[in-house]
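In what follows, a single structure is set out as structure tokens and then discussed.
The values are calculated or read from the model by the stated rules, or taken from the named source; none is laboratory data. It should be emphasised that the depicted structure is a prediction, and the values quoted were computed from it without experimental measurement. Heads up, the Cβs are rebuilt from the backbone with ideal geometry, glycines too, and the neighbour counts pull from every protein chain shown. Keep in mind that these areas ignore ligands, DNA and RNA; they rest on the heavy atoms of the full protein, side chains included. Shrake-Rupley method; radii C 1.70, N 1.55, O 1.52, S 1.80 Å.
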Amino acid sequence: TGITIHNSHASGVQSTIHNSHASGVQSTIDFSSCPDLYPAVAVTCRQLGVDLHATGIESLAYKESNRIETVQALLATPKGQCVTTAHDHRIAMAAMVAGFAVDDEQCIDKSYPQFTAQLCKLLSHAKA
């Protein structure tokens, strides 16, 4: 997949995502004040070939899923395969924006019921 992920607990939970097809860009982000953005940012970095070092993600282990583990699984999923969301709305949305099919679109209704329709609308405009 071209992705290597290292999770560390030495000084708080940290995750480093290395892209083998990296653009040479590296980013370090402290998600302490915005941990729910981690799935979307991690997927975006993967798509752009950016190496990401994420800190402040301790609370993600206690969300709807262990988002540290589910993001790791998402990033390891080969293109064209269905992503297992663990029924987590933020994982599902991040996966769908990246072009993956997901095993549970219904979980998104919890926070953004119009997400799928609006994503389809955006994608249709992008193709036009």
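Quick notes on this one:
- Heavy atoms of HIS89: accessible area, 1.4 Å probe, square angstrom to 10: 10 Å²
- Straightening the chain between TYR112 and SER124 buys 2.4 nm, computed as 0.36 nm per residue apart minus the Cα-Cα spacing.
- Summing charges over all other residues whose Cβ lies under 13 Å from the Cβ of ALA117, with Lys and Arg as +1 and Asp and Glu as -1, gives -1.
- For ILE108, neighbours were defined as the other residues whose beta-carbon sits under 13 Å from its Cβ, and their charges (Lys and Arg +1, Asp and Glu -1) total -4.
- Per-pair calculated FRET efficiency, R0 = 22 Å: HIS87 and CYS34 via Cβ, rounded to 0.05: 0.50
- Scaling the Cα radius of gyration of the range 73-128 by the globular reference 2.2 N^0.38 Å produces a ratio of 1.11.
- Whichever lysines have a C-alpha closer than 23 Å to that of LYS110, once near sequence neighbours (fewer than 8 apart) are set aside: LYS63, LYS121
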